[in-house]
1. So how strong a dipole does the chain carry about its Cα centre when Lys and Arg Cβ are +1 and Asp and Glu Cβ are -1, to the nearest 20 debye?
2. How do the peptides 271-280, 84-93 rank, highest first, by the average count of neighbouring beta carbon atoms within 10 Å per residue?
3. Over the chain, what is the relative contact order in percent, taking alpha-carbon pairs closer than 8 angstrom and at least six residues apart?
4. Roughly to the nearest percent, how much of the accessible area of segment 119-238 is carbon and sulfur, given a 1.4 Å probe?
5. Between segment 68-82 and segment 262-295, what's the alpha-carbon centroid distance in Å?
6. Take every Cα pair under 8 Å in segment 119-238 that's 6+ residues apart, average their separations, divide by the length, and report that relative contact order as a whole percent.
7. I'd like to compare 155-168, 204-217: which one has the highest average count of other Cβ atoms within 10 Å, and what's the full order after that?
8. Which net charge results for the neighbourhood of F30, defined as the other residues with beta-carbon distances under 12 angstrom from its beta-carbon, given Lys and Arg at +1 and Asp and Glu at -1?
Amino acid sequence: MTTTALYDMVIVGGGPAGLAAALYGCRARFKTLLVERIGLGGQLLTYEKVDNYPGFPEGVTTSELIELFKAQAVRFGMEHRSVEVTGLELSNSVKVLHTPEGPVRAKAVILATGCTPRKLQVKGEAEFTGRGVSYCAICDGPFYRNQEVAVIGGGDTAVEEAVYLTKFAAHVHIIHRRDTLRAIKILQEEALANPKITVHWNRIVAEILGGPQGVTGLVLQDTTTSALSQLDVSGVFVFVGLLPNTQWIPEDVRRDNLGFLITDDHMATSVAGVFAAGDVRSKSLRQIVTAVGDGATAAFSAGRYVESLAHHG
Ligand code: NAP
């Protein structure tokens with residue numbers, strides 16, 4: 001990576017939002033670079049199949065969809081580096097992105113850094129992460145063939161992944177803190193009709209139990225009576241929401257009270273020349289279909305911003 005190259009736009013993040021932004025940036029003939037740290041695909045890498053992206057009436061595997069997104073962006077000249085961005089200098093007209101391989105300079109930056117899974121923050125969680133506690137069913141599900149596992153949470157991720165885990169596990173216990181699921185109805189119907197799934201309503205995890213071999217069970221607390229009970233499982237999949245990946249982004253890029261980046265309708269953040277797209281953005285619907293829309297808008301807006309710089313010298 002040279003310090004001399006000045007990109008029109010650098011996109012941080014290789015999920016659907018970043019890849020769509022790259023496609024739009026390249027097609028508009030802006031000098032565009034995409035940087036990401038975990039491989040193209042972002043959070044899609046943690047799912048097996050997508051059933052709600054238009055154009056695929058039978059659904060599409062995430063690996064196939066990522067390859068298609070990538071091939072389309074590459075066809076129009078996407079430049080891509082796999083390197084972690086550790087810091088940003090955004091206040092000048094030339095933005096500087098710091099990486100272990102040296103700085104990258106850009107006229108505009110698109111932040112499409114997505115989210116990471118929230119932790120439960122209960123006793124045993126940190127100790128048994130990687131030894132029975134997981135945040136990724138596609139990564140770790142196959143280890144639990146014919147075993148009993150628990151899924152924590154009641155949102156789309158928890159319910160969808162519980163159904164996926166029934167491919168391997170003998171039984172899947174969904175632990176949900178309320179008496180109704182948050183997940184959309186079609187996912188609820190699928191899970192509730194599955195004989196390998198039991199929902200434990202009004203329960204929170206008080207502790208994750210285990211020993212030298214890893215997780216052995218959960219202590220559950222009834223949220224209505226406070227009564228404690230024990231559930232024997234050898235795997236715990238935690239899906240209790242998302243945290244935006246913004247830790248290294250300067251404070252002057254405004255956030256909402258949950259830490260998601262605030263943009264206007266053009267995906268512009270509070271800092272000139274800095275745009276945000278996808279799950280990292282403060283918005284109501286976090287889906288692939290909304291991420292790619294954000295990415296396209298962000299690239300279009302970033303392009304206009306770059307042109308305005310040229311215009312004003
Ligand atoms: P989410 O929608 O925020 O749901 C988080 C779930 O975890 C909720 O049921 C919540 O309970 C529960 N929870 C939160 N903190 C908890 C705690 N400390 N202890 C116990 N339970 C706790 O997160 P998500 O399911 O990961 O979904 C994130 C976004 O991705 C959503 O916008 C979702 O629609 C989207 N998504 C879409 C699909 C799809 O379209 N196929 C698939 C996956 C994700 P409450 O319900 O009581 O708040």
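1. Values: 29 positive and 32 negative charges, 96 e Å.
My answer is approximately 460 debye.
2. On the way: 271-280: 26.6, 84-93: 14.3.
The peptides rank, most packed first, as 271-280, 84-93.
3. Values: 714 pairs, mean separation 67.7, N = 313.
After rounding, I find 22 percent.
4. C and S fraction of accessible area: 51 percent.
5. One Cα centre to the other: 20 Å.
6. Details: 258 pairs, mean separation 37.6, N = 120.
It rounds to 31 percent for segment 119-238.
7. Details: 155-168: 21.7, 204-217: 16.7.
Result, highest mean Cβ count within 10 Å first: 155-168, 204-217.
8. On the way: positive: R27, R29, K31, K107, R304; negative: D8, E79, E307.
Once positives and negatives cancel, what remains is +2.
The values are calculated or read from the model by the stated rules, or taken from the named source; none is laboratory data. What you see is a predicted model, and the numbers here were worked out from it, not measured in a lab. Every residue, glycine among them, receives a Cβ derived from its backbone with ideal geometry; neighbour counts consider all protein chains shown. Just so you know, the surface numbers come from the protein's heavy atoms only, side chains and all, with ligands and any DNA or RNA stripped out. Shrake-Rupley method; radii C 1.70, N 1.55, O 1.52, S 1.80 Å.
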